[in-house]
């Protein structure tokens, strides 16, 4: 085996009839093993008016160990803080990622909070996955003349282990996707020429919070510094933007995560062009995560099924959760949980190769 292989296992969660919290979709879940060894999902639940909460659900498995559904357990977070609410009564807690942070000895959640100022990265912590304590918005130092605290940001996830920052400090490292003015796919598609990364592309950045182990995180993580672009759009399938998907997991090859890429497509029989979200794999060096060892030349998951092509937003597969199947005795096998057309949640199984493929 010399390539990454992924095959779909099916749908694990879709809107529950009569549930007002899910009338506009369930999607983009975090996935993490709990203290009891069970697998928990934290889906985005969308009510009328695009009002989003973060739910809690426990995954059910069949006798072969394949995920087949969920048991709903309630709500983890709903818009309560000022940075999660808008003046018109709307708001949102969206698209969470959850990682057990070994340095902090806590489950850490990153999620998108919507307020009048736009989407921002927020954090919360938990010891049991049921009770969550907000840590506020992530704060960043400036990058050259970019004031990160004043621009939109999404798709954040944390590394589970301590990472040394470029300045040599033990750190909590974060992947995220700042949205600079004029860089949304709807905008860049009108101006297809290549331009400077920090001005015109939505892409994956990496930042570091210099924590101190002897100081508990009771209200906020230290400011994220050493902000740098990690990867920019490269291949045709990711031409318009890329963003982090699943939290990084340490494998024999290095830090592995799935990411999403956006391109423009034309539907059969239609003149109108639309956006298509696909997914690929990226692997970073274990000791120097700025170094990319591998990234997918072609997507490993594209919107092909009807449930991925038709929904709240058409042509979307959006990976956000990943589960290593150690419980099956398969450390090289991962289940990937992803949003389907912003309406349902699917799961696919990823097998990593014995040797990283060579990309020319």
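Quick rundown of the values:
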quantity	calculated
Some residue of the range 93-103 being surrounded by fewer than 21 Cβ atoms within 10 Å (Cβ to Cβ), over 20 Å from the mean Cα position of the chain (by Cα) and free of Cβ contacts under 8 Å to residues at least 60 places away in the same chain	no
The listed residue being over 23 Å from residue 314 (Cβ atoms), outside any strand (DSSP E or B) and modelled with pLDDT of 80 or more, out of 250, 221, 175	221
Residue in the range 116-126 that is modelled with pLDDT under 95, part of a strand (DSSP E or B) and within 29 Å of residue 285 (Cα to Cα) present	no
Neighbours by Cβ (under 7 Å, 6+ apart or cross-chain): first from the range 65-85, under 16 Å from residue 47 (Cα atoms); second part of a loop (DSSP other than H, G, I, E, B)	76/132; 77/132; 85/79
Hey, residue 281 modelled with pLDDT of 95 or more, in a strand (DSSP E or B) and within 30 Å of residue 142 (Cβ to Cβ) or not	no
Checking residue 355 against (1) assigned to a strand (DSSP E or B); (2) touching a residue at least 60 places away in the same chain (Cβ under 8 Å), the condition it does not meet	(1)
Given (1) crowded, with 16+ Cβ neighbours inside 10 Å; (2) over 24 Å from residue 332 (Cα atoms); (3) within 22 Å of the chain's Cα centre (by Cα), index of the condition residue 39 fails	(2)
Answer residue from the range 302-330, given it is without any contact (Cβ under 8 Å) to a residue 60 or more places away in the chain, in contact with a strand residue (DSSP E or B) (Cβ under 8 Å, 6 or more places away or on another chain) and not in a loop (DSSP other than H, G, I, E, B) and is surrounded by the fewest Cβ atoms within 10 Å (Cβ to Cβ) among those	316
Unmet requirement for residue 299, which otherwise passes all of (1) out of contact with any helix residue (DSSP H, G or I) (no Cβ under 8 Å at 6 or more places or on another chain); (2) crowded, with 21+ Cβ neighbours inside 10 Å; (3) not in a strand (DSSP E or B)	(1)
Filter result for residue 158 (surrounded by 15 or more Cβ atoms within 10 Å (Cβ to Cβ), at pLDDT below 90 and closer than 19 Å to residue 96 by Cβ)	no
Which listed residue is surrounded by fewer than 23 Cβ atoms within 10 Å (Cβ to Cβ) and either at pLDDT 95 or above or part of a strand (DSSP E or B) (or both), from 89, 74	74
Unmet requirement for residue 187, which otherwise passes all of (1) more than 27 Å from residue 293 (Cα to Cα); (2) in a helix (DSSP H, G or I); (3) at pLDDT 90 or above	(3)
Residue match in the range 335-345 (condition: part of a strand (DSSP E or B), under 30 Å from residue 21 (Cβ atoms) and touching a helix residue (DSSP H, G or I) at 6+ places or on another chain (Cβ under 8 Å))	yes
Residue within the range 11-31 that is surrounded by fewer than 17 Cβ atoms within 10 Å (Cβ to Cβ) and at pLDDT below 95 present	no
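The values are calculated or read from the model by the stated rules, or taken from the named source; none is laboratory data. Everything numeric in this text was worked out from a predicted model, so none of it was measured. Every residue, glycine among them, receives a Cβ derived from its backbone with ideal geometry; neighbour counts consider all protein chains shown.
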